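Student: Dropping a structure here in C-alpha coordinates format, bear with me for questions.
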Amino acid sequence: MACHGVIHYLWALVFLGAFCGEIQRQFRQKILQMGAVNDNIQKRLRKLDNDLALLREAKLELERVMVTKDCEVSTLDGEMRRLFESEGNEFYQSFLLLLGRQVRISDAGIYIKGSSGKLERQAVIGKKEFLPETIEAHSIEIVNVALNNKIVVTIPEFWQQAIGEQKNYLMAVPLMDSVDNPLGVLVVSGMPFIALNKKTVSFVDMLCRWASHTIELRLYSGNAYRLIKGLEGQRLYNADFFRYHLELAYQSFQQHNLASSVVVVSLKNETISKQAEFEKAFMSTVRSGDFAAEVHIERPHVVMLLPLTGERGAKIFQDRVLLKFPKESTYGKNLHIKLVSFEGYRSFDKIWETILSDE
(Lines give C-alpha, C1' and ligand atoms only; values in the text may rest on other atoms or scores of the structure.)
Protein backbone atom coordinates (compact mmCIF):
# COMPACT_ATOMS: atom_id res chain seq x y z
CA MET A 1 0.00 0.00 0.00
CA ALA A 2 2.83 2.36 0.90
CA CYS A 3 4.55 1.45 -2.38
CA HIS A 4 1.36 2.29 -4.26
CA GLY A 5 1.28 5.74 -2.61
CA VAL A 6 4.94 6.39 -3.49
CA ILE A 7 4.20 5.58 -7.13
CA HIS A 8 1.31 8.03 -7.13
CA TYR A 9 3.54 10.67 -5.52
CA LEU A 10 6.26 10.15 -8.15
CA TRP A 11 3.71 10.40 -10.96
CA ALA A 12 2.43 13.63 -9.41
CA LEU A 13 5.95 15.04 -9.34
CA VAL A 14 6.46 14.05 -12.99
CA PHE A 15 3.16 15.69 -13.94
CA LEU A 16 3.94 18.79 -11.91
CA GLY A 17 7.40 19.05 -13.46
CA ALA A 18 5.97 18.71 -16.96
CA PHE A 19 3.30 21.31 -16.14
CA CYS A 20 5.87 23.78 -14.75
CA GLY A 21 8.13 23.15 -17.72
CA GLU A 22 5.31 23.93 -20.12
CA ILE A 23 4.48 27.14 -18.25
CA GLN A 24 8.15 28.16 -18.31
CA ARG A 25 8.32 27.39 -22.04
CA GLN A 26 5.28 29.57 -22.68
CA PHE A 27 6.70 32.40 -20.57
CA ARG A 28 10.02 32.22 -22.42
CA GLN A 29 8.17 32.23 -25.70
CA LYS A 30 6.17 35.27 -24.60
CA ILE A 31 9.36 37.04 -23.47
CA LEU A 32 10.99 36.36 -26.83
CA GLN A 33 7.89 37.62 -28.64
CA MET A 34 7.77 40.75 -26.50
CA GLY A 35 11.47 41.32 -27.09
CA ALA A 36 10.93 41.04 -30.84
CA VAL A 37 7.98 43.43 -30.67
CA ASN A 38 10.03 45.87 -28.57
CA ASP A 39 12.92 45.73 -31.06
CA ASN A 40 10.46 46.38 -33.89
CA ILE A 41 8.92 49.34 -32.03
CA GLN A 42 12.40 50.77 -31.31
CA LYS A 43 13.29 50.51 -35.01
CA ARG A 44 10.03 52.21 -35.97
CA LEU A 45 10.61 54.98 -33.42
CA ARG A 46 14.12 55.58 -34.77
CA LYS A 47 12.71 55.69 -38.31
CA LEU A 48 9.96 58.10 -37.24
CA ASP A 49 12.54 60.26 -35.47
CA ASN A 50 14.63 60.40 -38.64
CA ASP A 51 11.52 61.15 -40.71
CA LEU A 52 10.59 63.95 -38.30
CA ALA A 53 14.07 65.45 -38.63
CA LEU A 54 13.77 65.33 -42.43
CA LEU A 55 10.32 66.93 -42.26
CA ARG A 56 11.72 69.69 -40.03
CA GLU A 57 14.48 70.36 -42.59
CA ALA A 58 11.93 70.31 -45.41
CA LYS A 59 9.73 72.74 -43.50
CA LEU A 60 12.61 75.17 -42.96
CA GLU A 61 13.59 74.92 -46.62
CA LEU A 62 9.97 75.51 -47.68
CA GLU A 63 9.79 78.58 -45.45
CA ARG A 64 13.00 79.95 -46.99
CA VAL A 65 11.55 79.45 -50.48
CA MET A 66 8.24 81.06 -49.49
CA VAL A 67 10.00 84.09 -48.01
CA THR A 68 12.21 84.61 -51.08
CA LYS A 69 9.18 84.25 -53.38
CA ASP A 70 7.04 86.57 -51.19
CA CYS A 71 4.47 83.80 -50.80
CA GLU A 72 1.35 84.54 -48.76
CA VAL A 73 1.50 81.27 -46.82
CA SER A 74 3.86 80.48 -43.96
CA THR A 75 3.98 78.77 -40.57
CA LEU A 76 3.27 80.80 -37.46
CA ASP A 77 6.35 79.79 -35.45
CA GLY A 78 8.68 80.69 -38.33
CA GLU A 79 6.81 83.96 -38.90
CA MET A 80 6.99 84.97 -35.24
CA ARG A 81 10.70 84.22 -34.96
CA ARG A 82 11.48 86.29 -38.04
CA LEU A 83 9.29 89.04 -36.61
CA PHE A 84 11.39 89.19 -33.43
CA GLU A 85 14.53 89.46 -35.57
CA SER A 86 13.31 92.32 -37.82
CA GLU A 87 14.86 95.74 -37.36
CA GLY A 88 13.57 99.32 -37.36
CA ASN A 89 10.21 100.13 -38.92
CA GLU A 90 10.49 96.90 -40.88
CA PHE A 91 8.94 95.26 -37.81
CA TYR A 92 5.59 97.04 -38.23
CA GLN A 93 5.30 96.19 -41.92
CA SER A 94 6.32 92.58 -41.25
CA PHE A 95 3.66 92.29 -38.57
CA LEU A 96 0.92 93.51 -40.90
CA LEU A 97 2.04 91.07 -43.60
CA LEU A 98 1.91 88.28 -40.99
CA LEU A 99 -1.70 89.23 -40.19
CA GLY A 100 -2.48 89.16 -43.88
CA ARG A 101 -1.11 85.65 -44.25
CA GLN A 102 -2.52 84.21 -41.04
CA VAL A 103 -5.99 85.80 -40.76
CA ARG A 104 -6.63 87.29 -44.22
CA ILE A 105 -6.54 90.95 -43.16
CA SER A 106 -6.21 92.97 -46.37
CA ASP A 107 -6.38 96.64 -45.26
CA ALA A 108 -4.89 97.73 -41.94
CA GLY A 109 -2.55 100.17 -40.26
CA ILE A 110 -0.47 100.20 -37.08
CA TYR A 111 -0.56 103.44 -35.11
CA ILE A 112 1.71 104.41 -32.21
CA LYS A 113 1.13 107.28 -29.81
CA GLY A 114 3.31 110.23 -30.73
CA SER A 115 4.67 113.03 -28.56
CA SER A 116 1.79 115.27 -29.65
CA GLY A 117 -0.75 112.78 -28.37
CA LYS A 118 -1.93 111.85 -31.84
CA LEU A 119 -1.69 108.34 -33.20
CA GLU A 120 0.99 108.17 -35.89
CA ARG A 121 0.91 105.52 -38.60
CA GLN A 122 4.00 103.28 -38.64
CA ALA A 123 2.98 100.89 -41.42
CA VAL A 124 0.03 100.13 -43.68
CA ILE A 125 -1.15 97.38 -46.03
CA GLY A 126 -3.89 97.58 -48.63
CA LYS A 127 -5.98 100.68 -49.26
CA LYS A 128 -4.99 103.86 -47.40
CA GLU A 129 -8.32 105.63 -47.92
CA PHE A 130 -9.44 105.22 -44.31
CA LEU A 131 -5.95 104.90 -42.81
CA PRO A 132 -4.38 108.40 -42.81
CA GLU A 133 -0.86 109.10 -41.56
CA THR A 134 -2.17 110.50 -38.26
CA ILE A 135 -5.46 110.10 -36.44
CA GLU A 136 -6.98 111.36 -33.22
CA ALA A 137 -8.43 108.57 -31.14
CA HIS A 138 -11.57 110.48 -30.14
CA SER A 139 -12.43 111.13 -33.79
CA ILE A 140 -12.91 107.42 -34.53
CA GLU A 141 -15.32 105.85 -32.07
CA ILE A 142 -14.16 102.25 -32.53
CA VAL A 143 -10.54 103.28 -31.81
CA ASN A 144 -11.59 105.44 -28.88
CA VAL A 145 -13.50 102.57 -27.25
CA ALA A 146 -10.64 100.12 -27.83
CA LEU A 147 -8.04 102.39 -26.19
CA ASN A 148 -10.22 103.60 -23.31
CA ASN A 149 -11.54 100.15 -22.40
CA LYS A 150 -8.28 98.34 -23.34
CA ILE A 151 -10.16 95.66 -25.25
CA VAL A 152 -10.53 94.45 -28.84
CA VAL A 153 -13.54 96.07 -30.50
CA THR A 154 -15.16 94.79 -33.72
CA ILE A 155 -17.91 96.24 -35.87
CA PRO A 156 -20.51 93.60 -34.84
CA GLU A 157 -20.18 94.83 -31.25
CA PHE A 158 -20.98 98.35 -32.44
CA TRP A 159 -24.10 97.06 -34.15
CA GLN A 160 -25.21 95.40 -30.92
CA GLN A 161 -24.59 98.56 -28.88
CA ALA A 162 -26.23 100.85 -31.48
CA ILE A 163 -23.21 103.16 -31.49
CA GLY A 164 -23.04 105.47 -34.52
CA GLU A 165 -22.30 104.03 -37.94
CA GLN A 166 -18.68 102.89 -38.35
CA LYS A 167 -18.76 101.36 -41.82
CA ASN A 168 -15.13 102.22 -42.64
CA TYR A 169 -13.56 100.18 -39.81
CA LEU A 170 -13.99 96.52 -38.94
CA MET A 171 -11.70 96.09 -35.92
CA ALA A 172 -9.52 98.03 -33.50
CA VAL A 173 -7.01 96.21 -31.29
CA PRO A 174 -5.15 98.11 -28.55
CA LEU A 175 -1.41 97.52 -28.27
CA MET A 176 -0.69 97.36 -24.52
CA ASP A 177 2.61 97.45 -22.65
CA SER A 178 3.63 95.22 -19.73
CA VAL A 179 1.86 97.45 -17.18
CA ASP A 180 -1.36 97.63 -19.23
CA ASN A 181 -0.88 101.10 -20.71
CA PRO A 182 -1.75 101.69 -24.41
CA LEU A 183 1.19 102.02 -26.78
CA GLY A 184 -0.96 102.35 -29.88
CA VAL A 185 -3.58 100.51 -31.88
CA LEU A 186 -4.09 98.20 -34.85
CA VAL A 187 -6.88 99.51 -37.08
CA VAL A 188 -8.42 97.08 -39.60
CA SER A 189 -10.53 98.48 -42.42
CA GLY A 190 -10.61 95.52 -44.78
CA MET A 191 -10.87 91.71 -44.47
CA PRO A 192 -13.32 89.03 -45.65
CA PHE A 193 -16.35 89.40 -43.41
CA ILE A 194 -16.63 85.61 -43.07
CA ALA A 195 -13.21 85.66 -41.36
CA LEU A 196 -14.40 88.17 -38.74
CA ASN A 197 -15.42 85.63 -36.08
CA LYS A 198 -14.63 85.10 -32.41
CA LYS A 199 -11.78 82.69 -33.09
CA THR A 200 -10.08 85.04 -35.53
CA VAL A 201 -10.53 88.07 -33.26
CA SER A 202 -9.04 86.16 -30.33
CA PHE A 203 -6.12 85.07 -32.52
CA VAL A 204 -5.45 88.65 -33.70
CA ASP A 205 -5.58 89.84 -30.09
CA MET A 206 -2.98 87.22 -29.11
CA LEU A 207 -0.67 88.20 -31.99
CA CYS A 208 -1.01 91.87 -31.06
CA ARG A 209 0.00 91.13 -27.47
CA TRP A 210 3.14 89.39 -28.71
CA ALA A 211 3.84 92.33 -31.02
CA SER A 212 3.24 94.82 -28.19
CA HIS A 213 6.03 93.18 -26.20
CA THR A 214 8.50 93.85 -29.03
CA ILE A 215 7.17 97.38 -29.60
CA GLU A 216 7.59 98.18 -25.90
CA LEU A 217 11.20 97.00 -25.97
CA ARG A 218 11.90 99.15 -29.02
CA LEU A 219 10.27 102.28 -27.62
CA TYR A 220 10.59 102.14 -23.84
CA SER A 221 13.01 99.38 -22.86
CA GLY A 222 13.81 101.13 -19.55
CA ASN A 223 14.92 98.60 -16.96
CA ALA A 224 13.35 95.59 -18.68
CA TYR A 225 16.76 94.05 -19.38
CA ARG A 226 20.50 94.53 -19.09
CA LEU A 227 23.17 93.79 -21.66
CA ILE A 228 25.72 91.07 -20.98
CA LYS A 229 29.22 92.49 -20.71
CA GLY A 230 31.48 91.18 -23.43
CA LEU A 231 28.57 89.84 -25.54
CA GLU A 232 27.28 92.55 -27.84
CA GLY A 233 23.50 92.63 -28.16
CA GLN A 234 22.78 89.78 -25.72
CA ARG A 235 20.01 90.73 -23.29
CA LEU A 236 19.12 89.32 -19.89
CA TYR A 237 15.59 90.31 -18.84
CA ASN A 238 14.58 91.06 -15.28
CA ALA A 239 12.17 88.79 -13.43
CA ASP A 240 9.07 91.02 -13.68
CA PHE A 241 9.31 91.61 -17.41
CA PHE A 242 10.15 87.96 -18.06
CA ARG A 243 7.17 86.82 -15.99
CA TYR A 244 4.89 89.07 -18.05
CA HIS A 245 6.16 87.55 -21.29
CA LEU A 246 6.02 84.01 -19.89
CA GLU A 247 2.39 84.52 -18.89
CA LEU A 248 1.62 85.67 -22.43
CA ALA A 249 3.17 82.44 -23.76
CA TYR A 250 1.07 80.41 -21.31
CA GLN A 251 -2.13 82.20 -22.39
CA SER A 252 -1.25 81.49 -26.03
CA PHE A 253 -1.01 77.81 -25.14
CA GLN A 254 -4.28 77.79 -23.22
CA GLN A 255 -6.29 79.68 -25.84
CA HIS A 256 -4.70 78.54 -29.11
CA ASN A 257 -2.61 75.47 -28.21
CA LEU A 258 0.62 77.24 -29.24
CA ALA A 259 3.28 75.42 -27.23
CA SER A 260 6.31 77.15 -25.74
CA SER A 261 8.97 75.74 -23.42
CA VAL A 262 11.06 76.93 -20.49
CA VAL A 263 14.58 75.74 -19.71
CA VAL A 264 16.13 76.52 -16.31
CA VAL A 265 19.93 76.22 -16.38
CA SER A 266 21.75 76.62 -13.06
CA LEU A 267 24.87 75.69 -11.12
CA LYS A 268 24.30 73.71 -7.94
CA ASN A 269 26.82 73.94 -5.08
CA GLU A 270 27.86 77.41 -6.28
CA THR A 271 27.17 80.85 -4.80
CA ILE A 272 25.31 83.64 -6.57
CA SER A 273 28.59 85.57 -6.73
CA LYS A 274 29.44 83.59 -9.88
CA GLN A 275 26.28 84.77 -11.68
CA ALA A 276 28.02 87.24 -14.01
CA GLU A 277 30.75 84.76 -14.91
CA PHE A 278 28.25 81.96 -15.63
CA GLU A 279 25.80 84.01 -17.67
CA LYS A 280 28.60 85.30 -19.91
CA ALA A 281 29.66 81.71 -20.62
CA PHE A 282 26.09 80.49 -21.08
CA MET A 283 24.62 83.27 -23.22
CA SER A 284 26.70 82.32 -26.24
CA THR A 285 24.30 79.34 -26.67
CA VAL A 286 21.21 81.57 -26.99
CA ARG A 287 19.68 81.96 -30.45
CA SER A 288 17.90 85.05 -31.68
CA GLY A 289 14.24 85.12 -30.66
CA ASP A 290 14.70 83.26 -27.35
CA PHE A 291 14.24 85.15 -24.08
CA ALA A 292 16.78 84.80 -21.28
CA ALA A 293 16.22 86.07 -17.75
CA GLU A 294 17.63 86.26 -14.26
CA VAL A 295 14.93 85.47 -11.69
CA HIS A 296 14.81 84.87 -7.94
CA ILE A 297 17.02 81.76 -7.70
CA GLU A 298 19.83 81.87 -5.16
CA ARG A 299 22.56 80.31 -7.29
CA PRO A 300 24.09 81.09 -10.69
CA HIS A 301 21.36 80.59 -13.28
CA VAL A 302 19.69 81.65 -16.52
CA VAL A 303 16.04 80.91 -17.29
CA MET A 304 15.18 80.56 -20.98
CA LEU A 305 11.78 80.98 -22.61
CA LEU A 306 11.71 79.32 -26.03
CA PRO A 307 8.63 80.87 -27.71
CA LEU A 308 6.54 78.58 -29.90
CA THR A 309 8.97 75.74 -29.27
CA GLY A 310 7.72 72.31 -28.22
CA GLU A 311 9.31 69.52 -26.20
CA ARG A 312 11.56 68.33 -29.02
CA GLY A 313 12.93 71.83 -29.62
CA ALA A 314 13.57 72.23 -25.88
CA LYS A 315 15.55 68.98 -25.80
CA ILE A 316 17.60 70.14 -28.79
CA PHE A 317 18.40 73.30 -26.83
CA GLN A 318 19.31 71.18 -23.80
CA ASP A 319 21.70 69.08 -25.93
CA ARG A 320 23.32 72.29 -27.17
CA VAL A 321 23.90 73.41 -23.58
CA LEU A 322 25.36 70.02 -22.60
CA LEU A 323 27.67 70.18 -25.60
CA LYS A 324 28.80 73.63 -24.44
CA PHE A 325 29.35 72.46 -20.85
CA PRO A 326 30.44 68.79 -20.79
CA LYS A 327 30.74 67.05 -17.42
CA GLU A 328 34.50 67.42 -17.31
CA SER A 329 34.34 71.22 -17.81
CA THR A 330 34.47 73.83 -15.05
CA TYR A 331 30.69 74.30 -14.94
CA GLY A 332 29.66 70.89 -16.26
CA LYS A 333 30.11 69.02 -12.98
CA ASN A 334 27.61 71.30 -11.21
CA LEU A 335 25.32 71.97 -14.17
CA HIS A 336 21.60 71.40 -13.56
CA ILE A 337 19.02 71.65 -16.38
CA LYS A 338 15.26 71.60 -15.82
CA LEU A 339 12.76 71.50 -18.70
CA VAL A 340 9.30 72.97 -18.06
CA SER A 341 6.44 72.64 -20.56
CA PHE A 342 2.95 74.12 -20.15
CA GLU A 343 1.27 70.74 -20.52
CA GLY A 344 -0.54 69.66 -17.35
CA TYR A 345 -0.47 73.04 -15.59
CA ARG A 346 -3.87 74.54 -14.80
CA SER A 347 -2.54 77.87 -13.55
CA PHE A 348 0.34 80.15 -14.42
CA ASP A 349 1.34 80.51 -10.75
CA LYS A 350 2.13 76.77 -10.60
CA ILE A 351 4.48 77.14 -13.57
CA TRP A 352 6.23 80.05 -11.89
CA GLU A 353 6.59 78.04 -8.66
CA THR A 354 8.09 75.14 -10.62
CA ILE A 355 10.64 77.44 -12.26
CA LEU A 356 11.73 78.89 -8.90
CA SER A 357 11.76 75.56 -7.04
CA ASP A 358 15.02 73.82 -6.17
CA GLU A 359 14.13 70.53 -7.86
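Student: Based on what the data block shows, is LEU231 farther than 27 Å from ILE151 by Cβ and at pLDDT 85 or above?
Tutor: Judged against the criteria, LEU231 is not a match.
Student: For the stretch 308-359, what are the residues that are basic (Lys, Arg) and assigned to a loop (DSSP other than H, G, I, E, B)?
Tutor: Across the stretch 308-359, the qualifying residues are LYS327, ARG346.
To keep it simple, each residue is scored yes or no on (1) under 18 Å from THR354 (Cα atoms); (2) out of contact with any strand residue (DSSP E or B) (no Cβ under 8 Å at 6 or more places or on another chain).
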residue: ALA249; (1), (2): yes, no
residue: LYS274; (1), (2): no, no
residue: PHE278; (1), (2): no, no
residue: VAL286; (1), (2): no, no
residue: PRO300; (1), (2): yes, no
residue: LEU308; (1), (2): no, yes
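Student: Moving on to the next point. Quick check on this structure: which one of MET176, MET206 is touching a helix residue (DSSP H, G or I) at 6+ places or on another chain (Cβ under 9 Å), surrounded by fewer than 18 Cβ atoms within 10 Å (Cβ to Cβ) and farther than 22 Å from PHE317 by Cβ?
Tutor: MET206
Student: Can you tell me which residue in the stretch 83-103 is nearest to ASP290 (Cα to Cα), limited to those that are loosely packed, with under 15 Cβ neighbours inside 10 Å and of a type outside the set (Gly, Ala, Ser)?
Tutor: GLU85
Student: Hey, ARG299 hits all of (1) at pLDDT below 90; (2) touching a Lys or Arg at 6+ places or on another chain (Cβ under 7 Å); (3) more than 14 Å from ALA314 (Cβ to Cβ) but one; which does it fall short on?
Tutor: (1)
Student: Any idea how many residues of the stretch 288-317 are within 16 Å of the chain's Cα centre (by Cα) and touching a residue at least 12 places away in the same chain (Cβ under 8 Å)?
Tutor: 20
Student: Name every residue in the stretch 226-256 that is of a type in the set (Gly, Ala, Ser) and either assigned to a helix (DSSP H, G or I) or within 14 Å of the chain's Cα centre (by Cα) (or both), in order of residue number.
Tutor: Selection gives ALA239, ALA249, SER252.
Student: Could you run through the stretch 104-125 and say how many residues are surrounded by fewer than 20 Cβ atoms within 10 Å (Cβ to Cβ) and within 13 Å of TYR169 (Cβ to Cβ)?
Tutor: 0
Student: Before we move on, is ARG46 touching a Pro at 6+ places or on another chain (Cβ under 7 Å), at pLDDT 80 or above, surrounded by 10 or more Cβ atoms within 10 Å (Cβ to Cβ) and not assigned by TED's automatic domain parsing to the domain that holds PHE253?
Tutor: No, not satisfied.
The values are calculated or read from the model by the stated rules, or taken from the named source; none is laboratory data. The structure presented is a predicted model; accordingly, all values stated were derived computationally and were not measured. With ideal geometry, Cβ positions are generated from the backbone for all residues, glycine too; neighbour counts draw on all protein chains shown.
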